[in-house]
Amino acid sequence: MKVTLLILDDMGYWITLQHVYLKHYVKMKRLFLSQIALAVCLVGCVAGNGDNHIGKINHKDVIGNKENHTIGYFHGLEVNGKFNVHFVEGKVHKVSFSNPSQASFRIEESELKIRSKHGIRVPIDVYITAPQISEIELNGTINFKAKNIHASKLDIDTKGTVNVDVEKISVTSFDFDNDGTVNFNANVDAMKAEFDNEGTCKLNIAVSAQNMELSNSGTQTVNLDFKGLNLILDNKGINNINAVLDCNTVSGSNFGTSKIVLSGKAKEVNIHPDNSTFIDTTKLNIE
């Protein structure tokens, strides 16, 4: 018989121990049963603990080697390691792993923190459900996918090699910061949207916002469809922007190397270029 145990490691993360087998020898049976009794006592003590800083396990379903854990409240997410992250909005806070023995998690200050073991070669699929999420931090080699994210505020920070694909982000305030190498694909509907790149960034984005700002001090390639009032473009690195506009004003400054191609329509364009800036407005209708 195979038994799956869920225990806490010394860092406060939940880890899974698998592949424990019963032997037919009496001595091994007694040893095994004593270990199970001890584990049950420990899990019972954890379940009765009211500490909100540790992810409390309320329910577990084991389907093959994928485990679903209904856990405590969180609105932030931090992922470290090598993962394929699948986020879904739902009524219950839940997390599951394709290979639970290679991953661990905990909840600390309303943030779900997930990590993979060192040295794994194949990314782990992690499935996360929450009613709402407001902070996402991705560190490592990570693919993040979501269909919809609704919140009053959403901050996304990326470090490492990261791919982000979100069909629709609907928020009041959106803030994206990159210090690694990232491909970011999303439709964003917000009152205010800010993108700040200090690494290597490729953005394929459609943004509807009153105010939007693109700041770059690294290497950035942007394909943008913007509808709103004001767009600000600031560059101190290497910038390549192709933007289709339906807005009032486009403004900004350049102290690096920029190629900016604007099309669509705008009422005013006021970008302060230097000698390393190329701006093409031949396809832009300035009303």
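The values are calculated or read from the model by the stated rules, or taken from the named source; none is laboratory data. The shown structure was predicted, so the numbers you read here are calculated from the model rather than taken from an experiment. Here the Cβ is made from the backbone with ideal geometry for all residues, glycine too, and neighbour counts use every protein chain on show.
Flag: residue 176 matches the condition of being within 12 Å of the chain's Cα centre (by Cα) and more than 15 Å from residue 79 (Cβ to Cβ).
Counting the residues of the range 254-275 that are of a type in the set (S, T, N, Q) and within 30 Å of the chain's Cα centre (by Cα) gives 3. Within the range 137-152, the residues that satisfy the criterion of being assigned to a strand (DSSP E or B) and among the hydrophobic types (A, V, I, L, M, F, W, C) are 138, 142, 144, 146, 149. Test of understanding: among 147, 153, 91, which residue is within 16 Å of the chain's Cα centre (by Cα), loosely packed, with under 15 Cβ neighbours inside 10 Å and in contact (Cβ under 8 Å) with a residue 24 or more places away in the chain? Checking each option against the conditions leaves just 147.
Does residue 155 meet the test of being outside any loop (DSSP other than H, G, I, E, B) and under 25 Å from residue 269 (Cβ atoms)? It is false that residue 155 is outside any loop (DSSP other than H, G, I, E, B) and under 25 Å from residue 269 (Cβ atoms). Condition (residue is at pLDDT 95 or above, part of a loop (DSSP other than H, G, I, E, B) and within 11 Å of the chain's Cα centre (by Cα)) applied to the range 181-191: is it met by at least one residue? No, the range 181-191 contains no residue that is at pLDDT 95 or above, part of a loop (DSSP other than H, G, I, E, B) and within 11 Å of the chain's Cα centre (by Cα).
Could you tell me whether the range 119-126 includes any residue that is under 15 Å from residue 69 (Cβ atoms), touching a helix residue (DSSP H, G or I) at 6+ places or on another chain (Cβ under 8 Å) and at pLDDT 95 or above?
Filtering the range 119-126 down to residues under 15 Å from residue 69 (Cβ atoms) leaves 124-126.
Narrowing the set further to residues that are touching a helix residue (DSSP H, G or I) at 6+ places or on another chain (Cβ under 8 Å) leaves 124.
Those still in the list that are at pLDDT 95 or above too: 124.
Yes, the range 119-126 has at least one match.
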